[in-house]
Amino acid sequence: MVKSFTKLHTLVYNVASQNSKKGIDMNSSSQETTTSQPTFTFLDTDEVEVPESNQDILLESVDHDLYNLSYTCLLLPRFPSHQLKGDLADLLPGWLQQVCISYGWRLEFTTVNPDYLQWAIMVPPSTAPAHFMLQIRNETSRMILSSFGRIRRANLSNDFWAPGYLVVLGARPHPEDMIKQYISLTRRQQGLINLY
């Protein structure tokens, strides 16, 4: 192994008369202020051994999953009678996967229940839950309403999903009581369940 040496130089900033001391020129009638100019000096230091490497440099890609965030999400159909069954239940996971791939997100799992759609998604930290939920609800609503005429005729809005959503940090399914409470709260807010 060949040893190489290099001489290190240190650049020193010298200021004449500490902190640019100001002086007054007595020969000037206007009493102008002059400032001394800073100077720079190189100081030599000892030689330092710089090892040479005979090994190739290996570059590795960064695992982006280490920095992404996972969320578990839930949406309800706007009308309780529009249950997620049959062809709709079969198509939803594929549509959701298509939306996630299109936006650069990763779908972790999907659960289609007649009363709700639940999934886990991994997104970059810069992607807010409100953003990905808006994109997912808009895209899936468009796909559902264009594919199912009976739903389109019953739903006059362009949004298949009920107002709001349930999002929890982490990729674990929501507990059943949390889902029941969310469904009840959403249906009350829609005026579909009477408050007693």
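The numbers here are math on the coordinates, done by the rules we state, and not lab data. In this text, all values refer to a predicted model and were calculated from it rather than measured experimentally. FYI the Cβ positions are ideal-geometry reconstructions off the backbone, even for glycines, and counts take in every protein chain you see.
For q = 0.10, 0.15, 0.17, 0.21 Å⁻¹, what log10 I(q)/I(0) does the stretch 65-190 give under the Debye formula with an equal point scatterer on each alpha carbon and no solvent?
Rounded to two decimals, the profile gives -0.29, -0.66, -0.86, -1.31.
How big is the Rg/Rh ratio for the stretch 118-195, C-alpha atoms only, Rh by Kirkwood, two decimals? Spell out each step's value before the answer.
Numbers: Rg = 14.5 Å, Rh = 14.5 Å.
Rounded to two decimals, Rg over Rh is 1.00.
Counting other beta carbons within 10 Å of each Cβ, put 144, 101 in order, fewest first.
On the way: 144 22, 101 11.
Listed from fewest to most nearby Cβ atoms, that is 101, 144.
Amide H neighbours of residue 113 under 5 Å, counting only residues 5+ apart in sequence or on other chains, H built in-plane at 1.01 Å?
118
In what sequence do 176, 139 fall when counting other Cβ within 10 Å, fewest first? Don't skip to the answer; put the middle values down first.
Details: 176 8, 139 17.
Ranking 176, 139 by Cβ neighbours within 10 Å, fewest first, gives 176, 139.
Please arrange 140, 110 by how many other C-beta atoms lie within 10 Å of their C-beta, fewest to most.
110, 140
Tell me, what HN-Hα J-couplings in whole Hz come from the Karplus equation 6.51 cos²θ - 1.76 cosθ + 1.60 at θ = phi - 60° for each residue of the stretch 145-153, using x for Gly and Pro?
5, 7, 9, 10, x, 5, 6, 4, 5
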